[in-house]
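Trainee: Below is the structure I would like to discuss, written out as structure tokens.
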Amino acid sequence: VEVKIEVVIPEKERSKEEMSPNGKASPLIYKVNGTARRYHLEEHPIASNPYHNPKDVVEASVCHVKDLENGQMREVDLGCGKALLIKESGEFHAVGHKCPHYGAPLVKGVLSKGRVRCPWHGACFNISTGDIEDFPGLDSLPRFQVKIEKEKVYIRASKQALQTQRRTKMMAKCISLSNYNLSSTNVLIVGAGAAGLVCAETLRQEGFSDRIVMCTMDRHLPYDRPKLSKSMDSHPEQIALRPKEFFRTYGIEVLTEMQVAAVDIKNKIAVFKDGFKMEYNKLLIATGNTPKALSCKGKEVENVFNIRTPEDANRVVKLATSKNVVIVGASFLGMEVAAYLAERAHSVSLVELEEVPFKKFFGERVGRAVMKMFESNRVKFYMQTEVSELREQEGKLKEVVLKSGKVLRADVCVVGVGAVPATGFLKQSGINIDSKGFVVVNKMMQTNIPGVFAAGDAVTFPLALRNNKKVNVPHWQMAHMHGRVAALNMLAHGMEISTVPYLWTAMFGKSIRYAGHGEGFDDVVIQGDLDELKFVAFYTK
């Protein structure tokens, strides 16, 4: 049945015409379960659109046409802000010059096949549209008009876009229906990390205007989790991925401090820990990991932390300042925390079972070079041993006893001994989970149950560059991409994941960036100077 709907725009909606690129605020029709629903795209001032406010526009000559060769990029100043001018295949393009993720200068990035890739964390942008095509980060680049007159290159741009250097893609708003049932939603997203948020945003960007509910055990709206160990004194509002108003504007509901206890796939119902039940049409499981705790004697004493929340990180910094810190586990989290606290604490000791940090991941030689850098920054290592007891005085941590017999003074202890997927609530659900507890998905992020998708740290998925080997890649960038792919396939786009995994870590002003998936390597080829930490390592088999 084809339903044609004629829409008469009310007066208050007509004001939107001024913002619309084609002079018409034309509502689009989107079908949900066979019923046509109306939504309006929320316009953001995209710099390439005709400018309605002449005062907001700047136009400047930035160079001669022969100043740039094909494949070259240049940062150019328009007087009230900068743009990135790019020449590829004889054509000029102009976009924002800073990566919207953490503000990296894109001129230092890599230009290839119509895309520019950020030099810091690998986010990738289309030079024709400015759209983000690989992550991390949520926003795209503003795009500016380029014209050539008398062999000179001119850029015409909105002052606002030059100043903000970011553009949020157009999104549908949720249509508020009076017959919404509070206990039913079209899309339910369990987990509010990068995968969950990108899934919700992608649905809205693609014109989905039905109800979206995200639920999280956290008390905060989605935040930049990598900063918990890299920038430990950040407050929740400083690291929020989106402000409160964003969720209100686009009708993305977030239920905080809500834990799903079970999923009834037959009746499409999620049961919460407090007994509340919610029906769904499509489900995304993006619950991430739960950190492993210590199992030794005295593990319940005060001032022992797994860093899960901004409050945990803030508290550790406060307790560690000018005091003795013991970190258990030379994981990424453990090492980043050690690096962050080295200048602030009286002493930092790191206890690890392996002989060098990151051995399984970076190999022995790179691990040793990193360890040397830590030792030169006053971090003391206790390797090939583990904790046998945590001793207290008046309920608070006093000493950490190692199996080697060594006793370390400790006012605060941070545990980073790995994590397990937070999927216990799915055990009886019928959703396919492997022996380690990971949710198994295909290249479209679909589970074995129709309408149920999974994304992020809690999944194993087929990795294209390793002949579709099922892998778990708990990286921030990959969680973003999982969320996007899941959303597109909820809308039946048939999109398969083919992204190259990418991670970064920063310690003592040095950044290590890792691309690919080297699990199972048997040789490491190193170019450059490992002692100076200026090197490239290739993990081969």
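Trainee: Hand me the trypsin sites (Lys or Arg not before Pro) from the stretch 297-343 located in a DSSP loop with no more than 13 other Cβ atoms within 10 Å, in residue order please.
Mentor: none
Trainee: Also: Given 0.36 nm per residue, what is the gain on full extension from residue 368 to residue 529 after removing their alpha carbon distance, in nm?
Mentor: That pair, residue 368 and residue 529, stretches by 56.6 nm at full extension.
Trainee: Under 5 Å between amide H atoms, partner at least 5 residues away or on a different chain: which partners does residue 448 have, H built in plane at 1.01 Å?
Mentor: Residues meeting the amide H criterion: 432.
Trainee: If Rh is defined by the Kirkwood formula over all Cα pairs and Rg also comes from Cα, what ratio Rg/Rh do you get for the stretch 387-524?
Mentor: 1.11
Trainee: Roughly what would the spin-label model give for residue 511 and residue 498, points 7 Å off Cα along C-beta, in nm?
Mentor: Spacing of the two 7 Å Cα→Cβ label points: 2.7 nm.
Trainee: Restricting to DSSP H runs of at least four residues, report the calculated mean residue ellipticity at 222 nm for the chain, -39500 (n - 2.57) per run over all residues, nearest 500 deg cm²/dmol.
Mentor: -4500 deg cm²/dmol
Trainee: As a test of reading the structure, rank 55, 98 by solvent-accessible area (1.4 Å probe, protein chains only), most first. Please list the in-between numbers first.
Mentor: Working: 55 165, 98 90 Å².
Order by accessible area, largest first: 55, 98.
Trainee: Name the long-range amide H neighbours of residue 389: under 5 Å, sequence gap of 5 or more, or other chain; modelled H, no Pro or chain starts.
Mentor: Those lying under 5 Å, H to H, from residue 389 are 401.
Trainee: In addition: Can you give me the angle between helix 332-341 and the longest principal axis of the chain, using Cα atoms only, in degrees from 0 to 90, rounded to the nearest 10?
Mentor: Long axis of 332-341 versus the principal axis of the chain: about 80 degrees.
Trainee: What distance in nm separates the simple spin-label points at residue 318 and residue 249, each placed 7 Å from Cα in the Cβ direction?
Mentor: Simple spin-label model gives 3.3 nm for this pair.
Trainee: Does a label point 7 Å from the Cα of residue 404, set along Cα-to-beta-carbon, have any residues of the stretch 314-340 with amide nitrogen under 16 Å, and which are they?
Mentor: 326-330
Trainee: Can you give me the % of accessible surface on the chain that is carbon or sulfur? Probe 1.4 Å, all protein chains present, nothing else counted.
Mentor: Numbers: 12410 of 26020 Å².
C and S atoms contribute 48 percent here.
Trainee: Also, I was wondering about something else. Could you work out the relative contact order of the stretch 259-377? I mean the mean sequence separation of Cα pairs under 8 Å and 6+ apart, divided by the number of residues, in percent.
Mentor: 14 percent
Trainee: When you take every Cα atom in the stretch 54-164, what is the radius of gyration, and what is Dmax, the widest Cα pair distance, in Å?
Mentor: In order Rg, Dmax, the Cα atoms of the stretch 54-164 give 13.0, 40 Å.
Trainee: Quick one: which residues, 5+ away or cross-chain, put their amide H under 5 Å from the amide H of residue 323? H built at 1.01 Å from N.
Mentor: 346, 347
Trainee: Can you match Kirkwood radius over Cα pairs in Å to one of these, (1) 40.0; (2) 24.5; (3) 25.6, based on a calculation from the structure here?
Mentor: Identified label for the calculated read-out: (3).
Trainee: Another question, if that's okay. Keeping all protein chains in place, calculate the accessible area per residue for the stretch 54-164 (probe 1.4 angstrom), answer in Å². Each step should come with its number before you reach the end.
Mentor: Numbers: 5130 Å² over 111 residues.
Dividing the accessible area of the stretch 54-164 by its residue count gives 46 Å².
Trainee: May I ask for the distance between the Cα centers of the stretch 489-541 and the stretch 313-344, given as a whole number of Å?
Mentor: Value for the Cα centre distance between the two parts: 25 Å.
Trainee: While we're on this one: Could you give the angle, 0 to 90 degrees to the nearest 10, between helix 194-205's Cα long axis and the longest principal axis of the Cα atoms of the chain?
Mentor: Approximately 10 degrees, to the nearest ten.
Trainee: Output the relative contact order of the chain, whole-number percent, from Cα pairs under 8 angstrom with separation of 6+ residues. Provide the component values of the computation, followed by the final result.
Mentor: Numbers: 1176 pairs, mean separation 60.1, N = 541.
Relative contact order, the chain: 11 percent.
Trainee: Antiparallel as a % of all DSSP beta bridges within the chain, to the nearest 5?
Mentor: Around 70 percent antiparallel, to the nearest 5.
Trainee: Leaving out ligands and nucleic acids, note down the accessible area per residue over the stretch 206-365 with a 1.4 angstrom probe, in whole Å².
Mentor: Result: 45 Å² per residue.
Trainee: For the stretch 381-418 and the stretch 210-261, what is the separation of their Cα centres, given in Å?
Mentor: Using only Cα atoms, the two centres lie 33 Å from each other.
Trainee: With an 8 Å cut-off on Cα pairs and a minimum separation of 6 or more residues, tell me the relative contact order of the stretch 54-164 in percent.
Mentor: Worked out over the stretch 54-164, it gives 29 percent.
Trainee: Note down the magnitude of the dipole of the stretch 205-265 about its Cα centre, charges +1 on Lys and Arg C-beta and -1 on Asp and Glu C-beta and zero elsewhere, to the nearest 20 debye. Mind dumping the intermediate values first?
Mentor: Numbers: 8 positive and 10 negative charges, 42 e Å.
About 200 debye.
Trainee: Under a no-solvent Debye model with one identical scatterer per Cα of the stretch 304-417, what's log10 I(q)/I(0) at q = 0.23 Å⁻¹?
Mentor: Evaluating at q = 0.23 Å⁻¹ gives log10 I(q)/I(0) of -1.36.
Trainee: In what sequence, highest mean first, do 87-94, 187-194 appear when ranked by Cβ atoms within 10 angstrom?
Mentor: Ranking the peptides 87-94, 187-194 by packing returns 187-194, 87-94.
Trainee: Please identify every one of the chymotrypsin sites (Phe, Trp or Tyr not before Pro) in the stretch 211-313 that sits in a loop by DSSP and has no more than 16 other beta carbons within 10 Å of its own beta carbon.
Mentor: Qualifying residues, ordered by number: 276.
Trainee: Let me ask something else about it. If I model a spin label as a point 7 Å beyond the Cα along the Cα-Cβ vector, how far apart are those points for residue 292 and residue 432 in nm?
Mentor: It is 2.7 nm.
Trainee: What list of ³J(HN,Hα) couplings, whole Hz, do you get for the stretch 448-460 from phi and the Karplus terms 6.51, -1.76, 1.60, once you set θ to phi - 60° and write x for glycine and proline?
Mentor: 6, 9, x, x, 10, 10, 9, 7, x, 5, 8, 10, 10
The values are calculated or read from the model by the stated rules, or taken from the named source; none is laboratory data. Source: prediction; values computed, not measured. As a convention, Cβ positions derive from the backbone with ideal geometry for all residues, glycine included, and neighbour counts pool all protein chains shown. Side chains are part of the model used for accessible areas, which takes the heavy atoms of the whole protein and leaves out ligands, DNA and RNA. Shrake-Rupley method; radii C 1.70, N 1.55, O 1.52, S 1.80 Å.
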